[in-house]
1. Assuming 0.36 nm per residue, please report the length gained on full extension of the stretch THR70 to SER277 beyond their Cα-Cα distance.
2. If I stretch the segment between ARG261 and ASP95 completely, what's the gain in nm (0.36 nm per residue apart, minus their alpha carbon distance), one decimal?
3. Just grab the label-to-label distance for LEU227 and ARG460, each label 7 Å out from Cα along the Cβ direction, in nm (one decimal).
4. What is the packing order of peptides 150-162, 130-142, taking the mean over residues of other C-beta atoms within 10 Å and listing the highest first?
5. Working out 0.36 nm times the residue gap between SER254 and VAL468, then minus their Cα-Cα distance, what length gain in nm do you get to one decimal?
6. Rounded to the nearest whole Å², what accessible area per residue is found for the chain with the 1.4 Å probe?
7. Ignoring any ligand, DNA or RNA, what whole percent of the accessible area of the chain comes from carbon and sulfur when the probe is 1.4 angstrom?
8. If I model a spin label at SER341 and ALA130 as a point 7 Å from the Cα along the Cα→Cβ vector, what separation in nanometres do I get?
Amino acid sequence: MDAFTCTTRPEPATVPLPRPRPRRPPPRLWGLAAASAAVLGAGLLADGLGTPGAVVLAVFTAAVGAWVLTPVDDTWIALTAVCVLAVTGVVAPADLFATLGADLVWLLIAAFVLAAGLTRSGLVGRFAVALLGRARTVRQLAHLVVVALVVSSLAVPATSGRAALALPVFEALARALGGRPRVVRGMAVLFPTVVLLSAVSTLIGAGAHLIADQLLRDAAGEGIGFLRWLLLGLPLAVVSCHLAAEVVLLLFTSRADRRDRLDWSRDALVVEPPPPSGPWTGPEKHAAATTAAVLVLWCTEPLHGVPPALVGLLGALVVTAPPHGERRVTPGAALKTVPWSLLLFTAATAALGDALVSTGAAAWLADTGLSPLEHASPEPLLIAVVVVSTAAHLAVQSRSARSSVLVPVVIPLAVAAGVNPALAVFASTAAAGFCHTLTSSAKPVALFAEVEGVPTYSARDLLRLSAVLAPLHIALVSAFALYAWPLLGLPITTTH
């Protein structure tokens, strides 16, 4: 017998694997395709629209339906929509790529770089700790949170950026308020609520504002601009945010909670990373002076004529200038904070909205589908715009997408009814900033809904908040549109 004996194991019987069945598109996609085809057919047969307008309406329908009905990334949908328009010849490729390099994109990039410089210097953390540490009651704390977040809206762009910046501050508050679970939950609701409502204070507060301003500029020949937006939006932001703070306190805390004394020391709020202590450091002074100079130049654009995007770019160069140290941001680090997906989405939705206006599709849609509102008096029309814009977050989750959907229709509707289109667009954009009903309605709401180690809020809590805050928001924006903004230089009708 051999020293080594090879034994063979019997091969197991092969069992044929079942063939995977091809995945069929869900029925809602078939319905979406059918709706787009129906819109295309109706547009081609309609009088006064033409083939480009019909194609834009069909692509527009498909994009909105995909945003609402599918989990596909919003940016991918928007880019696909504008690429279809470019391939079909409705939008020239040069115009599409020009949108990606438009002023609004460069303005957002510069604003994010400036915000990175402020954050890196430690000035934001110092300001938050110094301000909130002054609170001696829960009510004072809530209103100081409002002050801090409204001030941050003047320098930090986009709601998602400010929410990410405010999250460490909330976590520090949650640790300091560990024995008050109701107060912690109320603060968890208050932070994203104020982040979203305070965005209306400035043109760079949300990408939707830049889209609305650009569409208004293309359609009416003149936009709102940074200074006028600040003049109109900041009072609304202050009033609505402080009102929201009282609503949150009423819904989520008890009377005893609101009266309870907060006897914490200066070391109770520990923000990560810790801000500098003692006198202001060189990087803090540099970042503060640069940001202040940029804000002043933005507000005085009518005097010097330098475009806001160029001012922001110059400020970004200054705030990232060498020498770079521990508290100075480098250009590479600052650019990493820019949400490029948001910028592409903003540019793509702006191009989609511009196509609706330039092809006449928006005017045709306003004439046919909303013709009864054309004969309404200005006041009911503005209130209807505010109501629809507030409720739009239940269907279209992205704020920028809502503006690209609403503004192209609001402009011709306002012109036909004799309403100042700038007022109608501003009211619609301000109302569309309400997106508190669902966790998925806005990124700040989703961000604060799940904070590790901190009990925050539930879906039921958001519904309770929205049931009270949404009617107040509609009433407040309507009151500003009818009474306050006309006094600030935005008349209701174009005949004034």
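The values are calculated or read from the model by the stated rules, or taken from the named source; none is laboratory data. This one's a predicted model, so the numbers in the text were calculated from it and none came from an experiment. Don't worry about glycine lacking a Cβ; one is built from the backbone with ideal geometry, like all the others, and counts go over all protein chains shown. Heads up: the accessible areas ignore ligands, DNA and RNA and are worked out on the full protein's heavy atoms, side chains in. Shrake-Rupley method; radii C 1.70, N 1.55, O 1.52, S 1.80 Å.
1. On the way: separation 207, 0.36 × 207 = 74.52 nm, distance 4.86 nm.
Gain on stretching THR70 to SER277: 69.7 nm.
2. Working: separation 166, 0.36 × 166 = 59.76 nm, distance 5.92 nm.
The span from ARG261 to ASP95 would gain 53.8 nm if fully extended.
3. 5.2
4. Highest mean packing first, the order is 150-162, 130-142.
5. Length gained, SER254 through VAL468: 75.3 nm.
6. Details: 22780 Å² over 496 residues.
Per residue, the chain has an accessible area of 46 Å².
7. Values: 14940 of 22780 Å².
Whole-percent figure for carbon plus sulfur exposure: 66.
8. Each label point is offset 7 Å from its Cα along the Cβ direction, giving 3.6 nm.
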